[in-house]
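**Student:** Got a structure for you, written out below as structure tokens; questions coming shortly.
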Protein chains: 2
Amino acid sequence: MIERPLQRLARDLPGLRTSDDAADRVAYARDLWPRHHLAVRAGNVAQHRPAGIVWPTSTDEVARIVRWAYDTETPIVPFGAGSGVCAGVLPHDGIIVMDLKRMTRWRSLDEEARTLDVESGQMGLPLEEDLNRRGFTLGHFPSSILCSTVGGWVAARSAGQCSGLYGKIEDMVLALECVIGTGEVVTLHHRTSGPNLIPLVIGSEGTVAIVTSSVLRLHPRPSTRAFAGFSFPTTEHGWEAMRAMFQAGLRPAVSRLYDPFDAMLARRGAVKKDGADAGKTPGLGAAALRSILRRPGALNELLDGAFGSKLLGGSLVILIFEGEGDAPQRDLEQARALFATMRATYEGEGPARKWLLHRYSVSYRQAPVFAAGLFSDTMEVAAPWSKLRALYDGVRRALGEHVFVMAHLSHAYPDGCCIYFSFAGTAAKGDGVNSGAGWDERCEITYDRAWKAAMAAAIEAGGTLAHHHGVGRSKAPRMAHELGAGGVDAVRALLRAFDPKGILNPGNLLPPCSPQPYLDDAHATEVRA
Amino acid sequence: MIERPLQRLARDLPGLRTSDDAADRVAYARDLWPRHHLAVRAGNVAQHRPAGIVWPTSTDEVARIVRWAYDTETPIVPFGAGSGVCAGVLPHDGIIVMDLKRMTRWRSLDEEARTLDVESGQMGLPLEEDLNRRGFTLGHFPSSILCSTVGGWVAARSAGQCSGLYGKIEDMVLALECVIGTGEVVTLHHRTSGPNLIPLVIGSEGTVAIVTSSVLRLHPRPSTRAFAGFSFPTTEHGWEAMRAMFQAGLRPAVSRLYDPFDAMLARRGAVKKDGADAGKTPGLGAAALRSILRRPGALNELLDGAFGSKLLGGSLVILIFEGEGDAPQRDLEQARALFATMRATYEGEGPARKWLLHRYSVSYRQAPVFAAGLFSDTMEVAAPWSKLRALYDGVRRALGEHVFVMAHLSHAYPDGCCIYFSFAGTAAKGDGVNSGAGWDERCEITYDRAWKAAMAAAIEAGGTLAHHHGVGRSKAPRMAHELGAGGVDAVRALLRAFDPKGILNPGNLLPPCSPQPYLDDAHATEVRA
């Protein structure tokens, strides 16, 4: 009988905490990729179970495990809190998942330079709360902050809700300690000359190295905030105002633009406190929703047009400035004066304060949607301002043929911004109807068609395929479109340089090597293969 | 007879502009590395002459030349305007220098997103002036702006005088088109997910790829400025004020702190208009200077102590804020109020305005110093604020035993800053005196001892070896101290991934592969080898 990988690991490196218990293997079989929820809803929980899980407690243990994996050619997938949404974690029974959540130490806090060296398994919200008590903030507030780790943020190149002021995680990392695919420990500093290697590891999603600790830049905890909401006749009026604001040098911690439908939800306080029916469109039952969503095209056209704008009350921008003394209020007044020249209507502090109260609720909205026989997902793309109109229209149209779409813009920069599409759907009329497929599989067909069309539209418009959710196996097959063949080869060469045997999260991030399978097939086909 | 490399290039790829004229080969034999000036002063101009020079006019030509170099295993050194100071260019007669100054096109200017795609050979000052006429600024003002190119800035990871507001060149680059060591053209975008490869090429000093064009972020040309100078009792009082200012969120375009001696020069307007005797200490002849500088220790101690501070008038901080309307003046007043609590004495606008008038004069100060039988150089190191005192004292003491030292701080950040040491020396008493060496060689001995001691001190204090002058062959042998052995291996693996035959500027950036030659030898020994 062949020894199973986890048993061999336990025998070769005694003293580690490991498990190949069936319940643990199911628990670590996936992240929050919505497509996989469809498989689970169909009762398929056997797929993608790893060989086992290992919980190291130190960099030395991580290095020994990776060295062992290198010697035995056993693939390893690092794991934080499992809240990724792009199938960055999708193991099989030859893979060992390495959960880093037992590595949570603060190695050093330098109050003078305002930096913190913290291990990868540190969870998001406790970190921020502990920093607050010491007078600091990291300034990183992903909506997943309750279910994500520092290591996960770095691996996935995360952006938080206050990126306008504090930047993305890549702007916060001054040094990384990590273990590369040979088991060697390498510490990368934000040096000031020569190439900077930190950006190679940030966003590499477990394929270049396993991050064990990060030195993060801190900020003083802000003592004052200023809030405002503004409506605009259309979404485009809203983003022109966002552009003007960022190009004028204003840096709101939070600036969010909602299209008319998303704005209507935001105004009504879409996420209810008890969470039980969060995510539902208020007032509609599951059956009615399923029926409407089987033909989403007309609904999208209606709500996205001028009529919809009028009906729903236009687009909405919320702003929160934060800092010291009266500076936030002064900045807000400058933004308000600017917006007043751009067809804005001031809506008071309410919308922004309401948003702040519910800022982390979104991560709990998936379950009831799926329970209603529907599916939902999000797609965040980005482009320079000059390509934004084409990207917005193109992706909206492509998705809108298959699913119901709404959009908001929550990360803006002087040169461009991210568009965040939220969509909900069900098996569309006609999709897989004569194939003998069950409901969940028919949902998968519609889901894949929507994604395929949307990614093609994003590429066509000159946008990126992602902004802060990462690449994962869900977008990897299409990366050649964005990077170009030369870019894919360059990244592949880098992966080989750090992980010569390809044991770190294989299959993630890049398209497979076989000749151009990503050019025409639906992305899910290769993920399954 | 063996065909020489340039002749073969001209034969294999007809139509290119090339030269192996003796005068051209001397002209392209080096950059502005001061140590090499000593060799030239000794009459040695034959060393380091390349096989020839090629001037491509397009990315396609660059790619064809590199492909040819790959096939024939001919090393290539990309060349901008030759103003590097760390021996990033130091060819030999088997090397072809590729001068990119015929590639100067603006490929596209996106006024909405505020970006410019410009080829590598574009010279600095004309670029900024042309942008100004269109209402923009790049915000990049290295003191070498008159003698450096966009490609050189990117390759060397340059910082300009306004880095406090606009950042270093790495903060300005949104995309790079480059040719890797196989001759393939790769375009790297500042994407938003997955690893970011741009930082690999920035600062790689011609070893990873030849940059052919860059997409740069632009800013509106500022319409107003505010100026101020402040004196402080000591240099440390000055940097504590700089730290407080940056940590309070203020972002002066220019903030410079001078130690008492450097401050005295700045107050007197050290760089005279005619430039003829620029760089000399006012009022002293060359012979007197040589005599004083043979025993610099006592002078350094005198001027760096409390007595010197008193004699020379303390340290000096100059600030320039820039932007729109009254914002610069408001920010300046905030800084002034902050400084007032930290033992600052306001000195009016004069020192800052005077600095602005002479901002680019420094690149012309070397020649008269060397003509006087002396040498001068600069060393820019960086550290977190918490290590700054140790770095400042350590490097100052180490240099001060061999040369006369002054210092200023011209690039600050919330978490730390750069210290810029300027030093001048001559053959120190005792150095090489019984070796039969000539004056210039004895100068080289002192020069090498000063550098060796200073780099050891910077490492000892936990600082970096460089901030914005790059690594070059002058610091490459010591990079293992800063990167660690694992870091050097990682960078080496990356270079191999992009340049499998090692034809791109070989010998630059990293220590040689032989076992740890960089640990004990003077850096120059390996450079010669």
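The values are calculated or read from the model by the stated rules, or taken from the named source; none is laboratory data. Just so it is clear, the model here is predicted, and its values are computed rather than measured. Cβ placement follows ideal geometry from the backbone for every residue including glycine, while neighbour counts extend to all protein chains displayed. Calculation scope for accessible area: heavy atoms of the full protein, side chains included, ligands and nucleic acids excluded. Shrake-Rupley method; radii C 1.70, N 1.55, O 1.52, S 1.80 Å.
**Student:** Which whole-Hz couplings ³J(HN,Hα) result when phi for each residue of the stretch B:135-147 is put into the Karplus expression 6.51 cos²θ - 1.76 cosθ + 1.60, θ = phi - 60°, listed in order with x for Gly and Pro?
**Tutor:** x, 10, 9, 7, x, 10, 10, x, 5, 8, 4, 7, 9
**Student:** Assuming R0 = 51 Å, what is the FRET efficiency of B:S435 and B:R336, from their Cβ-Cβ distance, to the nearest 0.05? Please report the intermediate quantities before stating the final value.
**Tutor:** On the way: r = 55 Å, r/R0 = 1.09.
Result of the calculation: an efficiency of 0.40.
**Student:** Let me ask something else about it. If amide hydrogens are placed 1.01 Å from N in the peptide plane, which non-local residues have theirs closer than 5 Å to the one on B:L174?
**Tutor:** Here the answer is B:V215, B:L216, B:R217, since their amide H atoms fall under 5 Å of that of B:L174.
**Student:** Just flag the trypsin sites (Lys or Arg not before Pro) in the stretch B:71-110 sitting in loop per DSSP whose Cβ has no more than 16 other Cβ atoms within 10 Å. Please list the in-between numbers first.
**Tutor:** Working: sites: B:K101, B:R102, B:R105, B:R107; in loops: B:K101, B:R102, B:R105.
Taking the stretch B:71-110 and a limit of 16 other Cβ atoms within 10 Å, the loop trypsin sites (Lys or Arg not before Pro) found are B:R102, B:R105.
**Student:** Next up: If one takes the accessible area of chain A alone plus chain B alone and subtracts that of the pair, with a 1.4 Å probe, what total in Å², rounded to the nearest 100, results? Intermediate results must be reported in sequence, preceding the final value.
**Tutor:** On the way: alone 21610 and 21640 Å², together 38930 Å².
For chain A against chain B, roughly 4300 Å² becomes buried.
**Student:** Summarise the accessible area of the protein assembly as shown (1.4 Å probe, protein heavy atoms) by the percent that is carbon and sulfur.
**Tutor:** On the way: 20310 of 38930 Å².
Whole-percent figure for carbon plus sulfur exposure: 52.
**Student:** Roughly how crowded by other chains is peptide A:482-493, in terms of the mean Cβ count from those chains within 10 Å of each of its Cβ atoms?
**Tutor:** Average neighbour count from other chains, rounded to a whole number: 5.
**Student:** Around B:F498, what is the net charge, scoring Lys/Arg as +1 and Asp/Glu as -1 over all other residues with Cβ under 15 Å from its Cβ? Before the final figure, lay out the partial values.
**Tutor:** Numbers: positive: A:R492, A:R496, B:R67, B:R492, B:R496, B:K501; negative: A:D489, B:E177, B:E184, B:E205, B:D499.
Within the 15 Å Cβ shell, the charges total +1.
**Student:** If you don't mind, another one. Taking every pair of alpha-carbon atoms in the stretch A:58-101, give the share separated by more than 16 Å as a whole percent. Show your work: numbers first, answer last.
**Tutor:** Numbers: 378 of 946 pairs.
Result: 40 percent of Cα pairs exceed 16 Å.
**Student:** If you project the alpha carbons of chain B onto the principal axes, what extent comes out on each, in Å, largest first?
**Tutor:** 69, 67, 47
**Student:** Once you charge only the Cβ atoms, +1 for Lys and Arg and -1 for Asp and Glu, what is the size of the charge dipole of the protein assembly as shown about its Cα centre, to the nearest 20 debye?
**Tutor:** Details: 116 positive and 114 negative charges, 220 e Å.
That gives a dipole near 1060 debye.
**Student:** Highest mean first, how do B:214-220, A:313-319, A:243-249 rank when packing is the count of other Cβ atoms within 10 Å averaged over residues?
**Tutor:** Values: B:214-220: 22.0, A:313-319: 25.7, A:243-249: 18.7.
Descending mean neighbour count gives A:313-319, B:214-220, A:243-249.
**Student:** Place the peptides A:391-399, B:344-352, A:467-475, A:18-26 in order of packing, highest mean first, counting for every residue the other Cβ atoms within 10 Å and averaging per peptide. Could the numbers behind the result be given before it?
**Tutor:** On the way: A:391-399: 21.7, B:344-352: 17.6, A:467-475: 25.9, A:18-26: 15.7.
Top of the packing list down: A:467-475, A:391-399, B:344-352, A:18-26.
**Student:** Also, I was wondering about something else. Give the average, rounded to an integer, of partner chain Cβ atoms located within 10 angstrom of each Cβ in A:214-221.
**Tutor:** Working: counts 0, 2, 0, 3, 2, 3, 4, 0.
Taking all residues of A:214-221 together, the mean is 2.
**Student:** Residues with amide H under 5 Å of B:A407's amide H, sequence separation 5 or more or different chain, H placed in the peptide plane at 1.01 Å from N; which?
**Tutor:** Amide H neighbours of B:A407, under 5 Å, 5+ apart: B:D259, B:D262, B:S422.
**Student:** Could you tell me the ratio Rg/Rh of the stretch A:55-159? Both radii from Cα atoms, Rh via Kirkwood. Spell out each step's value before the answer.
**Tutor:** Numbers: Rg = 15.1 Å, Rh = 14.9 Å.
Ratio of gyration radius to Kirkwood radius for the stretch A:55-159: 1.01.
**Student:** How well do other chains shield peptide A:146-159, expressed as the mean number of their Cβ atoms within 10 Å of each residue Cβ?
**Tutor:** Details: counts 0, 0, 0, 0, 0, 0, 0, 0, 0, 0, 2, 6, 1, 2.
So the per-residue partner count for this stretch is 1.
**Student:** Can you list the copy-to-copy distances for A:A286, using a point 7 angstrom from Cα toward Cβ, in nanometres, shortest first?
**Tutor:** 9.3
**Student:** Between the label point of A:E3 and that of the same position in each other copy, find the distances and list them shortest first in nm, with every label point placed 7 Å from Cα along the Cα-to-C-beta direction.
**Tutor:** Result for A:E3, in nm, nearest copy first: 6.0.
**Student:** First select every other residue whose beta carbon is under 11 angstrom from the beta carbon of B:R105; then total the charges, Lys and Arg +1, Asp and Glu -1.
**Tutor:** Values: positive: B:R102, B:R107; negative: B:D117, B:E119.
Local charge sum for B:R105: 0.
**Student:** Would you kindly work out, in nm and rounded to one decimal, the distances from the label point of A:R268 to those of the same position in each other copy, ordered shortest first, with label points 7 Å along Cα-to-Cβ?
**Tutor:** List, nearest first: 7.7 nm.
**Student:** What does the charge count near A:W68 come to, summing +1 for each Lys or Arg and -1 for each Asp or Glu among other residues with Cβ under 11 Å from its Cβ?
**Tutor:** On the way: positive: A:R8, A:R11, A:R64, A:R67; negative: A:D12, A:E61, A:D71, A:E73.
Cβ neighbours under 11 Å give a net charge of 0.
**Student:** Continuing with the same structure: What pairs in B:K101/B:K475; A:K101/A:K475; A:K429/A:K452; A:K310/A:K429 have C-alpha atoms more than 20 Å from each other?
**Tutor:** Numbers: B:K101/B:K475 26 Å; A:K101/A:K475 26 Å; A:K429/A:K452 18 Å; A:K310/A:K429 29 Å.
Check vs 20 Å cut-off fails for B:K101/B:K475; A:K101/A:K475; A:K310/A:K429.
**Student:** Tell me, what HN-Hα J-couplings in whole Hz come from the Karplus equation 6.51 cos²θ - 1.76 cosθ + 1.60 at θ = phi - 60° for each residue of the stretch B:468-482, using x for Gly and Pro?
**Tutor:** Values, residue by residue: 9, 8, x, 9, x, 5, 6, 10, 3, x, 9, 4, 5, 4, 8 Hz.
**Student:** I've got another one for you. Quickly rank A:177-185, B:9-17, A:489-497 as a protection proxy: mean count of other C-beta atoms within 10 Å, highest first.
**Tutor:** Details: A:177-185: 22.2, B:9-17: 13.8, A:489-497: 19.8.
In decreasing order of mean packing, A:177-185, B:9-17, A:489-497 become A:177-185, A:489-497, B:9-17.
**Student:** Taking θ as phi - 60°, what are the ³J(HN,Hα) couplings along the stretch A:223-236 by the Karplus curve (6.51, -1.76, 1.60), each to the nearest whole Hz, with x for Gly and Pro?
**Tutor:** 9, 9, 9, 10, 10, 6, x, 9, 9, 10, x, 9, 5, 5
**Student:** On to the next question. To check my understanding: the extent here is largest minus smallest coordinate of the Cα atoms along each principal axis. What are those three numbers for the protein assembly as shown, in Å, largest first?
**Tutor:** Over the protein assembly as shown, Cα extents along the principal axes are 97, 67, 63 Å.
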